[in-house]
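Visitor: Below is one structure. I have some questions about it.
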Amino acid sequence: MNPARPAAGVKLCAMSDLEDPGSKGFRFRADTRLFAGFVVRRGDEVMGYIDQCPHAGWPLGALDDRYLTRGGDHILCAGHGGLFTLDGLGVSTPCVGDRLISWPVTVRAGDVFTA
Ligand code: FES
């Protein structure tokens, strides 16, 4: 377990901080360890993923908070262009059938928390 990974119940952001559809990245540090994750909003749903592509293990986003395609219908890996549904399933080469690693989050009273 990465010691930099936040415990359950840590507030990440407000729902209103997220466009719909939209995404936002988070980084946590503990000494020399880093945990990077991001959340994706689709309507009232928010999904969280570890920021690591199943293809080569690279971070997905090339820019802060920019994890989605221009139309907001897919998660894009900037490494080699792999596309994932907002539910984290790979749908294009080189990630067809692969899954992003879930980072459970929950929404309470308009705010997004780690779960
Ligand atoms: S590292 Fe993501 S597609 Fe290659």
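Read the figures in this text as sums done on the coordinates, not as results from a lab. Keep in mind that what you see is a predicted model, and the values were worked out from it rather than measured. Every residue, glycine among them, receives a Cβ derived from its backbone with ideal geometry; neighbour counts consider all protein chains shown.
Visitor: First select every other residue whose beta carbon is under 11 angstrom from the beta carbon of residue 89; then total the charges, Lys and Arg +1, Asp and Glu -1.
Guide: With Lys, Arg at +1 and Asp, Glu at -1, the neighbours total -1.
Visitor: Roughly how big is the chain's charge dipole about its Cα centre, with Cβ charges of +1 (Lys, Arg) and -1 (Asp, Glu), in debye to the nearest 20?
Guide: 320 debye
Visitor: Can you list residues from other chains, or at least 5 along the same chain, whose modelled amide H is less than 5 Å from the amide H of residue 52?
Guide: Under 5 Å from the amide H of residue 52: 60, 101.
Visitor: Still on this model: If amide H atoms are built 1.01 Å from N in the plane of the peptide, which residues on other chains or at least 5 residues away come under 5 Å of the amide H of residue 112?
Guide: 12, 13, 14, 15
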